[in-house]
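Right, I'll just put the structure down here and ask away after.
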Amino acid sequence: MSTITQNSVPAPTTRRPVRDEMIALALMTIVLAIVPFTGVYPFFVMQGLCFALLACAFNLLIGYGGLLSFGHAMFLGTAGYVTAHALKVWDLSPELGILVGTAAALGLSVITGLIAIRRQGIYFAMITLALSQLLYFIYLQAPFTHGEDGIQGIPQGKMFGVIDLQNATTLYFVVLAGFLLGFLIIYRAINSPFGEVLKAIRENEPRAISLGYKTDQYKLLAFILSGTLAGFAGALKVFVAQNASLTDVHWSMSGEIVLMTLVGGLGTVFGPVVGAFVIIAMQQYLAGFGQWVTVIQGVIFVACVLTFRRGIVGEIGHYFKRSL
Amino acid sequence: MAETTTLDRPAPPASSGPALLSVRDLQAWYGESHILHGMNFEVRTGEVVTLLGRNGAGKTTTLKSVMGIIGKRTGAINFDGHDISRAASDKIAKRGIAFCPEERGIFASLDVRENLMLPPQVRPGGLSLEQIFELFPNLRERLKSQGTKLSGGEQQMLAIARILRTGARFLMLDEPTEGLAPVIIQQIGHTIARLKKEGFTILLVEQNFRFAATVADRYYVVEHGKIIDGFANAELEANMDKLHTYLGV
Amino acid sequence: MSINIQALLAQLLVGLINGSFYALLSLGLAVIFGMLNIINFAHGALYMMGAFCAYFLLNLFGIGYWWALILAPLIVGAFGMLMERTLLQWLSGLDHLYGLLLTFGVALIIQGLFQNYFGSSGLPYAIPDELKGGMNLGFMFLPIYRGWVVAFSLVICLLTWYLIERTRLGANLRAATENPTLVRAFGINVPRMITLTYGLGVGLAALAGVLSAPINQVRPLMGADLIIVVFAVVVIGGMGSIMGSIITGFTLGVIEGLTKYFYPEASNTVVFVLMVLVLLVKPSGLTGRAS
């Protein structure tokens with residue numbers, strides 16, 4: 001049985017994969033840094049960055065731990081609601097709002113992680129989906145989320161009292177910094193001994209157990225890291241969208257996160273970033289076509305699973321025999 | 001490639017008649033690993049032919065290749081005048097080949113009767129349930145038991161019994177004596193002798209050639225995925241020394 | 001606390017009806033998972049197609065409820081078999097998760113297409129004349145159609161159980177679930193069996209859809225949220241046992257109904273909360289073998 005990630009590159013390559021990844025990272029950073037000066041709609045790129053970070057966090061779990069979470073929207077939405085509430089009702093500063101929202105996602109990921117890692121494979125996916133649906137119904141009824149309306153008109157404020165987030169360019173660089181921070185944390189994690197153990201668990205859990213690893217602890221840690229960073233993305237997104245709504249906790253959002261990562265390449269470092277921008281761009285262009293967006297997303301799912309399991313970046317990496 | 005003396009001559013037939021199964025240059029793979037490297041042998045109608053060889057020589061893979069349940073195979077497999085080398089395993093079974101796998105393949109979620117009735121009839125003229133109970137009286141008592149609750153010997157009998165119902169006249173038995181007590185082995189030996197008398201053709205895989213000697217007409221020795229020797233039962237004594245070397249016993 | 005027996009029994013009946021759908025759907029999921037190793041995310045969409053099929057049969061061809069009860073599962077089941085032949089069969093040998101992703105995609109396509117043409121609002125489907133009205137049982141008023149749904153679902157569930165656990169065909173199915181290679185080597189056409197099994201599971205979902213049409217109206221997203229609840233039911237019950245799926249489905253429906261009476265705010269979430277509790281106490285599910 002082949003595992004869900006086919007993007008692990010054969011080990012003995014002539015070039016060290018890390019160098020390729022460093023070059024790609026530098027290129028990505030430069031491109032993203034000059035975006036505000038190119039006339040591209042910054043809101044679109046900021047939104048893309050939030051989703052890219054979200055997909056990267058999700059990818060940490062599926063691509064390196066082999067765990068498919070079908071409920072990652074719960075971290076996005078929870079952090080979004082808490083940050084939005086903190087900014088609007090508690091009048092917290094932006095940095096504290098982000099901190100509180102991310103902390104909420106951390107707490108949630110500890111609780112849900114402890115429950116979900118009790119089962120593997122297909123059950124893990126169903127459990128995470130059910131847990132996120134549980135949260136959806138809670139948020140639907142909880143007064144502070146304002147139900148169907150969501151939390152609107154959230155003040156962006158001044159970060160650390162000086163950085164004015166109402167300025168689009170300033171906000172852009174703050175979001176970019178946040179994205180890079182999260183991305184580097186994930187990159188560091190997958191290249192650490194922790195990441196190696198995680199990959200070993202994905203390849204063969206019984207063997208990892210027999211080698212003396214407490215695999216449940218590793219999986220839980222990966223889940224917490226993934227959920228927390230997904231929450232961080234959700235907190236950042238509040239400043240971009242200036243609202244927090246039920247859309248972000250809905251199962252269809254969890255599905256979109258899966259789709260972004262699948263399109264970009266499960267288990268690739270840069271795939272989720274590419275996938276996130278592709279899907280966001282597609283939604284932007286097809287916004288006027290109603291539910292055809294859903295249909296097309298479904299078609300992409302089917303096509304990816306049947307013919308394109310490596311994803312965009314995975315295919316590129318495979319073609320050039322590089323790890324990206 | 002430096003080969004040891006590769007004897008590819010088919011051993012003299014014990015009973016005359018056309019080859020029921022003839023295998024030519026059979027190669028087979030499990031995923032990436034190449035297991036069979038050009039097997040050539042044949043089995044004639046009414047014979048009991050035994051494949052001998054060490055663990056991992058490719059005996060089981062040979063049976064699985066004939067049955068069509070191996071990842072990839074090439075070469076010619078002719079059965080009863082038909083090329084079955086590309087057929088799916090259910091089509092092969094329908095041609096009248098029945099397979100009793102190494103681990104017996106008794107189904108835990110089926111009771112003994114269901115296990116017995118599972119293989120569909122592929123030809124008329126299979127044994128009736130009465131005839132089967134005559135061969136294996138134990139099974140009659142255990143019809144309602146869960147398949148895997150039987151003892152090892154009973155499971156082996158069930159595994160043989162269920163393929164006798166189907167009307168297939170060519171049986172492939174993979175290590176039917178493995179892990180069984182001597183008294184059960186004897187009973188299985190009697191059964192095979194009886195089946196042979198009734199005209200079944202049997203291709204047997206055995207490690208235990210003392211057992212094989214009681215039932216087989218001919219032997220092939222398999223090593224590294226090739227037939228390296230073959231002889232008739234009458235020549236067994238004369239080949240004993242060689243056989244000991246081949247099998248490392 | 002004073003208990004309004006009438007209201008309690010009414011909620012209990014609603015619970016039993018939902019339980020019928022949970023049972024029919026989780027039964028299909030379990031049968032499909034056993035043979036195909038796929039969690040059929042499209043199950044909710046196919047349930048919806050069953051309801052729409054009944055709606056079309058009535059409004060386009062004038063074919064009523066009783067025929068729809070037979071035709072809709074056959075039509076949608078045939079659609080499912082086509083889906084298995086064209087899409088799902090390519091997944092064999094891949095990680096189970098790909099099956100989930102593929103069928104999720106199929107669900108999006110189906111639901112998206114129906115939403116395009118029918119929006120999100122419900123289309124009415126009338127209760128057939130024979131089942132209109134109600135019966136006074138003395139202690140409660142029983143709407144006949146609702147009683148029929150529960151009784152009929154129970155019969156179908158038990159028939160499915162009988163088919164799988166007690167017939168020759170079912171024995172083939174159980175054996176093929178255990179060891180498809182060997183079953184095929186006995187001369188049984190396992191790929192055809194897989195297709196038919198998927199058709200059976202899908203047919204059960206479509207049947208549930210027809211049953212639900214007069215109660216819940218016919219909506220493109222009627223199966224979207226339901227399937228997630230059914231996933232929780234499957235996690236609670238495990239997929240190892242047919243009877244386990246049936247009992248778990250009905251029981252959870254009843255518990256949900258009771259919650260609607262005693263603490264309505266939690267009625268949407270009670271199944272998920274129970275799932276959490278079961279996972280904490282018995283991670284392998286109530287009837288399931290450890291995965």
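Got a number for carbon plus sulfur as a percent of the stretch A:17-319's accessible area, 1.4 Å probe?
Taking all protein chains in place, the stretch A:17-319 shows 67 percent carbon and sulfur surface.
Turning to a different aspect of this structure: Taking the Cα centre of the protein assembly as shown as the origin and placing charges on Cβ (Lys, Arg +1; Asp, Glu -1), which of B:58, A:323, C:197 is farthest toward the positive end of the dipole?
B:58
Over the stretch C:5-281, with every protein chain in place, what whole percent of the accessible area is carbon and sulfur at 1.4 Å, could you tell me?
Heavy-atom surface of the stretch C:5-281 belonging to carbon and sulfur, 1.4 Å probe: 69 percent.
Round to a whole number: what % of the accessible area of chain B belongs to carbon and sulfur, probe 1.4 Å? Walk me through the numbers before you get to the answer.
Numbers: 5460 of 10570 Å².
On chain B, the fraction of accessible area on carbon and sulfur atoms equals 52 percent.
How much net charge surrounds residue B:196 when only other residues with a Cβ under 9 Å from its Cβ are counted (Lys, Arg +1; Asp, Glu -1)? Display every interim value, and only then the final one.
Details: positive: B:194, B:197; negative: B:47, B:198, B:217.
Local charge sum for residue B:196: -1.
What area, in nm² and to one decimal, does the C-alpha convex hull of the stretch C:5-281 cast on average over all directions? Don't jump to the answer; show the numbers that get you there.
Working: hull surface 62.6 nm².
Orientation-averaged projected area of the Cα hull: 15.6 nm².
Report the label-to-label distance for residue C:151 and residue C:123 in nanometres (one decimal), using points 7 Å from each Cα along the Cα→Cβ vector.
Placing both labels 7 Å beyond Cα along the Cβ direction yields 3.0 nm.
Right, another one. With a/c under 1.5 counting as rounded, go ahead and sort the protein assembly as shown into rounded, prolate or oblate using the C-alpha gyration tensor (a ≥ b ≥ c being the square roots of the eigenvalues; past the cut-off, prolate if a/b is larger than b/c, else oblate).
oblate
In the stretch A:136-235, which GluC sites (Glu not before Pro) fall in coil by DSSP and have 13 or fewer other Cβ atoms within 10 Å?
Working: sites: A:148, A:196, A:203; in loops: A:148.
Here the GluC sites (Glu not before Pro) that fit, given the DSSP loop and packing criteria, are A:148.
Continuing with the same structure: Out of B:30, B:163, B:246, whose Cα points farthest toward the positive end of the dipole of chain B (charges: +1 Lys, Arg; -1 Asp, Glu; placed on Cβ)?
Farthest towards the positive end: B:163.
Could I ask something else about it? In terms of the Cα gyration tensor, with a ≥ b ≥ c the square roots of its eigenvalues, is chain B rounded because a/c is under 1.5, prolate because a/b exceeds b/c, or oblate?
Working: a/c = 1.64, a/b = 1.42, b/c = 1.16.
Prolate.
Over the whole of C:164-175, what's the average partner chain Cβ count within 10 Å per residue? Rounded to a whole number, please.
Mean shielding by partner chains, rounded to a whole number: 4.
Quote the charge dipole size of chain C about the Cα centre in Debye, to the nearest 20; the model charges only the Cβ of Lys and Arg (+1) and of Asp and Glu (-1).
With only Lys, Arg, Asp and Glu charged at Cβ, the dipole is about 420 debye.
Rank B:128, B:89 by accessible area, highest first, at a 1.4 Å probe radius? Show your work: numbers first, answer last.
Values: B:128 50, B:89 5 Å².
Per-residue accessible area, sorted high to low, gives B:128, B:89.
Now, a different point. Taking the simple approach of a point 7 Å from Cα along Cα-to-Cβ for both residue A:192 and residue B:244, what is their distance in nm?
According to this spin-label approximation, the distance is 6.4 nm.
Once the Cβ-Cβ distance between residue A:217 and residue C:277 is put in as r, and R0 is 25 Å, what FRET efficiency do you end up with, to the nearest 0.05?
0.60
Follow-up. How about the stretch C:100-141: which chymotrypsin sites (Phe, Trp or Tyr not before Pro) there lie in a loop by DSSP and see at most 10 other Cβ atoms within 10 Å?
Qualifying residues, ordered by number: C:139.
Moving on. In the stretch B:114-129, what residues drop by 10 Å² or more of accessible area when the other protein chains are put back, versus the chain on its own? Use 1.4 Å, and skip ligands and nucleic acids.
Residues shielded by partner chains are B:114, B:117, B:118, B:119, B:120.
A further question on this structure: Counting helices only, and only those DSSP H runs with n ≥ 4, report the 222 nm mean residue ellipticity of the protein assembly as shown as the sum of -39,500 (n - 2.57) divided by its residues, in deg cm²/dmol to the nearest 500.
For the protein assembly as shown, the value works out to -19500 deg cm²/dmol.
Between residue B:35 and residues 5 or more places away or on another chain, which pairs have amide H atoms under 5 Å apart, with H built 1.01 Å from N, and which residues are they?
Amide H to amide H, under 5 Å and 5 or more residues apart or across chains, residue B:35 pairs with B:28, B:29, B:30.
Rounded to the nearest 20 debye, what is the charge dipole size of the protein assembly as shown about its Cα centre when +1 sits on each Lys and Arg Cβ and -1 on each Asp and Glu Cβ?
Using only the charged Cβ atoms, the result is roughly 640 debye.
Eigenvalues of the Cα gyration tensor times 5, then square-rooted: what semi-axes does that give for the stretch C:184-268, in whole angstrom, largest first?
Over the Cα atoms of the stretch C:184-268, the ellipsoid semi-axes are 31, 18, 10 Å.
Ok, one more. Suppose all protein chains stay in the model; what accessible area per residue would a 1.4 Å probe give for chain A, in Å²?
Ligands and nucleic acids excluded, the figure is 40 Å² per residue.
Could you pull the accessible area for residue B:145 with a 1.4 Å probe, rounded to 10 Å²?
30 Å²
What FRET efficiency would be calculated for the residue pair residue C:255, residue A:283, taking the C-beta separation as r and a Förster radius of 30 Å, to the nearest 0.05? Show your work: numbers first, answer last.
On the way: r = 39 Å, r/R0 = 1.30.
After rounding to 0.05, the efficiency reads 0.15.
Give me the aspartates and glutamates in straight-line cross-link reach of residue B:91: C-alpha distance below 19 Å, same-chain residues under 8 apart excluded.
B:80, B:83
Of the residues C:214, C:73, C:264, which exhibits the maximal mean-square fluctuation in a Gaussian network model of chain C defined by a 10 Å Cα contact cut-off?
C:264
Summing Lys, Arg as +1 and Asp, Glu as -1, what charge do residues with Cβ under 15 Å from the Cβ of residue B:129 carry, residue B:129 excluded?
Net charge in that neighbourhood comes out at +2.
A follow-up question, please. Averaged across the residues of C:87-97, what count of C-beta atoms belonging to other chains lies within 10 Å of each residue's C-beta? Write out the running numbers ahead of the final one.
Working: counts 3, 1, 0, 3, 2, 1, 2, 8, 11, 8, 14.
Partner-chain Cβ atoms within 10 Å, mean over residues of C:87-97: 5.
To continue, here is another question. Taking only Cα atoms, what is the 0 to 90° angle, nearest 10, from helix C:168-178's long axis to the longest principal axis of chain C?
Once rounded, the angle reads 70 degrees.
Let me ask another. What is the gain in length, in nm to one decimal, between residue C:85 and residue C:144 on full extension, counting 0.36 nm per residue of separation less the C-alpha to C-alpha distance?
17.3 nm
Quick one: grab the alpha carbon gyration tensor of the stretch A:17-319, order the square roots of its eigenvalues as a ≥ b ≥ c, and give me rounded if a/c is under 1.5, else prolate or oblate depending on whether a/b is larger than b/c.
Verdict is rounded for the stretch A:17-319.
Which trypsin sites (Lys or Arg not before Pro) does the stretch A:166-229 hold that lie in a coil by DSSP with at most 11 other beta carbons within 10 Å?
Of the trypsin sites (Lys or Arg not before Pro), the ones in loops of the stretch A:166-229 whose Cβ has at most 11 other Cβ atoms within 10 Å are A:214.
Right, here's the next one. Which residues of the stretch B:57-77 bury at least 10 Å² of accessible area once all protein chains are present, versus their chain alone (1.4 Å probe)?
Buried by 10 Å² or more upon assembly, which counts only protein chains, are B:67, B:69.
At 1.4 Å probe size, with every protein chain present, just tell me what the per residue accessible area of chain B comes to in Å².
So chain B comes to 42 Å² accessible per residue, rounded to a whole number.
Another question about this same structure. Taking chain C as a Gaussian network, Cα atoms linked when under 10 Å apart, which of C:137, C:173, C:211 shows the biggest mean-square fluctuation?
So, out of C:137, C:173, C:211, the one fluctuating most is C:137.
Using 7 Å Cα-to-Cβ label points, what is the residue B:32/residue B:87 separation (nm, one decimal)?
3.4 nm
If R0 is 22 Å, what FRET efficiency do you get for residue C:66 and residue C:166 from their C-beta distance, rounded to 0.05? Mind showing how you got there, number by number?
Values: r = 27 Å, r/R0 = 1.25.
With R0 = 22 Å, the Cβ-Cβ based efficiency is 0.20.
Right, another one. List the accessible area buried at the contact between A and C, summed over both sides and calculated with a 1.4 Å probe, in Å² to the nearest 100.
When A and C are taken together, about 4400 Å² of accessible area is lost.
Considering only protein heavy atoms, what per residue accessible area in square angstrom results for chain C with a 1.4 angstrom probe?
On a per-residue basis, chain C sits at 38 Å².
Can you give the mean number of other chain Cβ atoms that lie within 10 Å of the Cβ atoms in peptide A:234-244?
Going residue by residue through A:234-244 and averaging, the value is 0.
Within the set A:158/A:237; B:59/B:242; B:149/B:196; B:144/B:196; B:64/B:94, which residue pairs have Cα atoms separated by over 21 Å?
With Cα atoms farther than 21 Å apart: B:149/B:196; B:144/B:196.
Of all DSSP beta bridges in the protein assembly as shown, what percent run antiparallel (nearest 5)?
On the way: 32 of 50 bridges.
Restricted to the protein assembly as shown, the bridges split so that about 65 percent are antiparallel.
The values are calculated or read from the model by the stated rules, or taken from the named source; none is laboratory data. Keep in mind it's a predicted model, so treat the numbers as computed, not measured. Positions of Cβ are generated from backbone atoms using ideal geometry, with glycine treated the same way; all protein chains shown enter the neighbour counts. The protein model used for the area step is the full one, side chains on, heavy atoms only, and it has no ligands, DNA or RNA in it. Shrake-Rupley method; radii C 1.70, N 1.55, O 1.52, S 1.80 Å.
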